[in-house]
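My structure is below; once you've seen it, I'll send some questions.
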Amino acid sequence: MKKLFSLAAAALTLSAATVMPSAIAGADDAGFLMSCSFENGEDGWSGRGAAKVEASNNACFDGINALYCSNRSDSWNGAAIELGTGINAGETYSFSANVRYDSGKDTALYHFTMQYNDGTETNYVKIASATIIKGKWAQLANPKFTIPEGASNISVYIETAKGTGDFFVDDVKIATEGTAIEGAKGGKYIPGDLCEDGVVDTFDLICARKLIVSTDKEAKVSVNADVDKSTEYAVNDLVLLDEFISGKIIEFPDNTPEVEVTPFEYEANKQFKEAPGNYFNTCEQQGKVNKESYNGIRGNKSLYVYTPYNYDPEKKYNIFYLMHGGGENENTLFFQDDTMIQNMLDHMIMNGELEPLIVVTPTFNGQGSEAANFYEELRANVIPFVEGKYSTYAESTSEEDIRASRMHRAYGGFSMGSVSTWQVFKNDIDLVGYFMPLSGDHWGGQGAYGKAKDLADAVDRSGFTDRQFFIFAATGSDDIAYPNVNPQIDEMKKMSQFKFTSDFSEGNFYFMVAPGKTHWWGYVRHYVYDALPYFFHETGE
Ligand code: FER
């Protein structure tokens, strides 16, 4: 076993805040300028962003320990160490780190990155990158990496290109320029490199031939064998590999299978059905509820953002804005015995009843702010703020991109929140494709006909067809809002802009009445349970 020096111990004896690799240069028998093996602790490494690091013996490349990095909330979160004196800007060194991860996708892109200040701003530059194979150690190395001239506050860290999965790091070393630092062999995703030795050559072809005639069903097949990404290793891959090695082709075709989309099965006349009672208990696959603050046209406000279990900022999510009622606030949906909507969402998603999505609970409370004018703040502040920070179908927060993603955006609300919903329909239909007004009528226009006409006129002004917006309204038959809502719905049914059915492949407008239910979130949350799975299946084309 190699003798490795603990940086943490060095830092302790020097009582220095930052680790000083120079102090241990030469202390290591191999002459490394820095060498971290994590055998005796974290060696001065720390979590970047929300990440945590700890020495762990659950995996190791060498010795018995590695550094385990967990609790990441973004791909740039990871394991980091500040470089002290002795490793100088403008000079060239050899860098090496070994990385491994054990869960998630079959392969993942990892970066060994340097952060530094150039005197004006913070910069980030990749030292080495590799797509590595799950469950294998892989080396991220660069024998000649020059630290930019004038750099200060230099640190190095391990991060991923996507996702927030846990990983291990071991034997991170810095040596003089050109040093070939030993590290993990293979472990990298290189299509065709069946032997996993870092190159695609005739040895891989031998491997590939052996594998194709092998009768051993248990034989471990490297992900590198499936060169055409068809998800399995087959004769076609062998033929392609042969052609690649002989130079007939210079790249492999991408035969990734198309994901088949089965159309959603709507019920045309959806009846009220309560969510199972346990859906309001804590779920074993919990999403997160984050509190966020923004400063908008109606002052400083808070809202909550629910992200589903295993939220991946590299993926795109549908988004549902859900508004509270009068006298309530942004806390109402997540922190009361009669709501706990996040638990319901967790269960629905875990059981495949709902695609993972983001749910936002904003508020119309605040300076000059009211339910009926919230649509202004939604457009000006709430959507750009939330969707700039969380990953939705909006490619950017420009109004153009928000419009382009409207079929992936829904808005709903209860009581005064329903009043806000009809206003969002009337004024923001260019930004939102799905609407869920719950137990509240439209405040606009005179009488039931006037209200319906006010909404129909908004549709005409928008230019959208009846295949480009969808309304799932609901209330209880004993709800105080029922006598207000029902006549409005009856008038809407007569208008050509609205085609009544809960089968949104046929129509665009529905009203579900829950027998005997009154004006209370304890009932209304079940309307969300019934209606939300009906959203986001139409393309708007
Ligand atoms: C209605 C819409 C909103 C309604 C009541 C409200 C009675 C809200 C009232 C409140 O929050 O005070 O149709 O019907």
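The numbers here are math on the coordinates, done by the rules we state, and not lab data. A quick note: this is a predicted structure, and the numbers were derived from the prediction, not measured. In this analysis, Cβ positions are derived from the backbone assuming ideal geometry, glycine residues included, and neighbour counts consider all displayed protein chains.
Once fully extended, how much extra length lies between Tyr309 and Glu258, figured as 0.36 nm per residue of separation less the alpha-carbon to alpha-carbon distance? If you can, show how the numbers build up before the last one.
Details: separation 51, 0.36 × 51 = 18.36 nm, distance 2.49 nm.
Result for the pair: 15.9 nm of gain on full extension.
I'd like the distance separating the alpha-carbon centroids of the range 483-534 and the range 302-317, in whole Å.
Distance between centres, Cα-based: 27 Å.
Calculate, for Asn295 and Ser230, the FRET efficiency according to 1/(1 + (r/R0)^6) with r their C-beta to C-beta distance and R0 51 Å; round to the nearest 0.05.
It comes out at approximately 0.50.
I've got another one for you. Quick check: from the Cα gyration tensor, does the range 191-260 come out rounded (a/c under 1.5), prolate or oblate?
The shape class here is oblate.
If you average the alpha carbon positions of the range 454-471 and of the range 51-120, how far apart do those two centres end up, in angstrom?
Going from one Cα centre to the other spans 52 Å.
Estimate the FRET efficiency between Lys162 and Asp490 by the formula 1/(1 + (r/R0)^6), using the beta-carbon distance for r and 45 Å for R0, to the nearest 0.05.
0.35
Test of understanding: express the Cα radius of gyration of the range 359-427 as a ratio to 2.2 N^0.38 Å, with N the residue count.
Normalised Cα radius of gyration, the range 359-427: 1.08.
Can I ask one more? Can you tell me, using C-alpha contacts under 8 Å and at least 6 residues apart, the relative contact order of the range 277-534 as a whole percent?
For the range 277-534, the relative contact order is 16 percent.
Compute the angle between helix 341-350 and the longest alpha-carbon principal axis of the chain, please, reported from 0 to 90 degrees and rounded to the nearest 10.
60 degrees
Roughly how many Å is it from the Cα centre of the range 356-396 to that of the range 162-206, as a whole number?
The distance from the Cα centre of the range 356-396 to that of the range 162-206 comes to 45 Å.
Mind giving me the nanometre distance, one decimal, between the label points for Thr120 and Tyr449, set 7 Å out from Cα along Cα→Cβ?
Spacing of the two 7 Å Cα→Cβ label points: 6.7 nm.
Amide H neighbours of Ala151 under 5 Å, counting only residues 5+ apart in sequence or on other chains, H built in-plane at 1.01 Å?
Gly90
A follow-up question, please. Across the range 501-508, in residue order, what do the Karplus-derived ³J(HN,Hα) couplings come to in whole Hz, using 6.51 cos²θ - 1.76 cosθ + 1.60 with θ = phi - 60° and x for Gly and Pro?
4, 8, 8, 6, 7, 10, x, 9
To test your reading of the geometry: what angle, between 0 and 90 degrees and rounded to tens, separates the Cα axis of helix 521-531 from the longest principal axis of the chain?
So the helix axis and the longest Cα principal axis differ by about 70 degrees.
While we're on this one: Roughly what would the spin-label model give for Asn153 and Ile480, points 7 Å off Cα along C-beta, in nm?
Roughly 5.5 nm, to one decimal.
Which whole-number percent is the relative contact order of the chain (Cα, under 8 Å, 6+ apart)?
After rounding, I find 10 percent.
Express the relative contact order of the range 191-260 as a whole percentage, based on alpha carbon pairs under 8 Å and six or more residues apart in sequence. Spell out each step's value before the answer.
Numbers: 79 pairs, mean separation 21.5, N = 70.
Worked out over the range 191-260, it gives 31 percent.
Test of understanding: ordering Thr363, Thr231 by Cβ neighbours within 10 Å, fewest first, what list do you get?
Fewest-to-most Cβ neighbours within 10 Å comes out as Thr231, Thr363.
Which stretch or stretches of the range 263-283 have amide N atoms under 13 Å from the point lying 7 Å from Ser505's Cα along the Cα→Cβ direction?
Within reach of a label on Ser505: 263-268.
Which percent, to the nearest 5, of DSSP beta bridges fully inside the chain are antiparallel?
In the chain, approximately 70 percent of DSSP beta bridges are antiparallel ones.
Follow-up. Taking 0.36 nm per intervening residue step and subtracting the Cα-Cα distance, what contour gain separates Glu243 from Gln336 on full extension?
Numbers: separation 93, 0.36 × 93 = 33.48 nm, distance 6.37 nm.
In short, 27.1 nm is gained.
Oh, and also: For the pair Ala268 and Glu54, how long in nm is the line joining their label points, each one 7 Å along Cα→Cβ?
Going from the Ala268 label point to the Glu54 one covers 5.8 nm.
Out of the GluC sites (Glu not before Pro) in the range 48-135, which ones are loop residues according to DSSP with at most 13 other C-beta atoms within 10 Å?
Glu91, Glu121
I'd like the GluC sites (Glu not before Pro) in the range 269-344 restricted to DSSP loop residues with at most 14 other Cβ atoms within 10 Å, sorted by number.
Filter output for the range 269-344: Glu274, Glu284, Glu314.
Right, here's the next one. As I understand it, the value is the acute angle between the Cα axis of helix 447-462 and the longest principal axis of the Cα atoms of the chain; what does it come to in degrees, rounded to 10?
Between the helix axis and the principal axis of the chain, the angle is about 40 degrees.
Here's something else I'd like to know. Given a Förster radius of 51 Å and the C-beta distance between Gln367 and Leu109 as r, what FRET efficiency does 1/(1 + (r/R0)^6) yield to the nearest 0.05?
The value I calculate is 0.65.
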